[in-house]
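Worksheet: the structure to be examined is printed underneath.
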Amino acid sequence: MQERILRKLFLGFIQVHILYHAAQAPIYGAWLIDELASHGYALSPGTLYPILKQMLSMELLTQEMATVSGKRRKYYHITPTGKTALAEAKKRVQLMHEEINQDHDIF
Ligand SMILES: [Zn+2]
């Protein structure tokens, strides 16, 4: 799918993915690009990094530099606000899922 559509229409989904993974363990950009690609979100660094920056400014994530296995990278951590937003997103995803999948049989 076109990156512009991915970015605009599925921005919230992408952000929920990011929050979900940051809640499991600190994450970094290159790992996220691969992870999101495995779910069909083919994002370039030029698209992903502004999304991360926006999530930092919303205080959903924090970042720190860390060296792991000899590689120095920016790691993103979820904040308490991010955890609250993730819990709310899970409820809403569930409700949306129920709604948009309820009437399969009608069509
Ligand atoms: Zn994922």
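The values are calculated or read from the model by the stated rules, or taken from the named source; none is laboratory data. Everything numeric in this text was worked out from a predicted model, so none of it was measured. Reconstructed Cβ throughout: ideal geometry from the backbone, glycine too, with neighbour counts over all protein chains shown. Note: areas computed on protein heavy atoms with side chains; ligands, DNA, RNA excluded. Shrake-Rupley method; radii C 1.70, N 1.55, O 1.52, S 1.80 Å.
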What percent does the relative contact order of region 3-101 come to when contacts are Cα pairs within less than 8 Å and at least six residues apart? 28 percent
For the pair ALA37 and HIS97, the simple spin-label estimate (label points 7 Å beyond Cα toward Cβ) gives in nm 2.6 nm
On the accessible surface of the chain, probed at 1.4 Å, how many percent belong to carbon and sulfur atoms? 56 percent
So what's the angle, to the nearest 10 degrees on a 0 to 90 scale, between helix 45-57 and the longest Cα principal axis of the chain? 90 degrees
